Amino acid sequence: MSYRTVVMYVEISCFVVCVSGWILVCSTLPIDIWTWSELDSVVLGTSHYFSNLWKDCVSDSTGVTDCKDIPSLLFYPQWDIRMCRTLIIISIILAFFGSVLVLVGMKCTKIGGSEIVNARLTFAGGMNYLIGGMCSMIAFSYYGNKLRAEFQDPNYKAQKFEIGVGVFIGWGGSSLLVVGGLIYSIFAGRDGFHSRVVPTKKSIQLLAHTEISESRKPRTTSGSRGITKYI
């Protein structure tokens, strides 16, 4: 199996990994359960509180769910919610453009130009995946660490929440984006920016024929030319 075939299979595998991570990160936006908490009550039974970056919800044992949207983004006092929203949206956009660049530059699609141009396009797509994965990883990690700190803080008097399924799915999707983008960057960067000319069989034969022709040419020294002129 040639080196080009191996790189092609690696690119296809990384594309599947990165697209899966991108889908997982996108799926966290409509998921309601980023945080959740239970509160036992004598009258209503058990009440479940859950929320995400966009709304807060509560449901009781009767199955009734009531949700309230988070107020305006500009007037919302918690800046960390705005930061997490921004980082996740940036991650989704970067991963989308990374998919476009990778589709153009992969060896199996043959859409781009030369091998070096395709490798550089793939490298750019891999960097988009890598940066997008880091952005979403920072957002989910900060959000999860904030919930952990509030839950373990004995002086925190407000209602404590636990980490929900949305954050765990975000961690998984971000990890796939980072891993796939890193592998893309390594392989494509090696081919696009540190490429070496591999000699073919025809070029080797032409080089050998040139060396033989050069060796058969008569070599005259300055002394021999002077003797010939004197005679």
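Sorted by average packing, counted as other Cβ atoms within 10 angstrom per residue and highest first, what order do 20-33, 120-133 take?
Top of the packing list down: 120-133, 20-33.
For the range 133-177, state which chymotrypsin sites (Phe, Trp or Tyr not before Pro) are in a DSSP loop and have at most 11 other beta carbons lying within 10 Å of their beta carbon.
Listed in order of number, the matching sites are 156.
Would you list 81, 138 from the most to the least accessible area, probe 1.4 Å?
Highest to lowest solvent-accessible surface, that is 138, 81.
Taking only C-alpha pairs under 8 Å that are 6+ residues apart, what is the relative contact order of the range 95-202 in percent?
35 percent
The values are calculated or read from the model by the stated rules, or taken from the named source; none is laboratory data. On a predicted model such as this, the values are computed, not experimentally measured, just so you know. A quick note on method: Cβ atoms are made from the backbone with ideal geometry, for glycine too, and the neighbour counts reach across all protein chains shown. Each accessible area value is taken on the protein alone, full model and side chains, heavy atoms only, with ligands, DNA and RNA left out. Shrake-Rupley method; radii C 1.70, N 1.55, O 1.52, S 1.80 Å.
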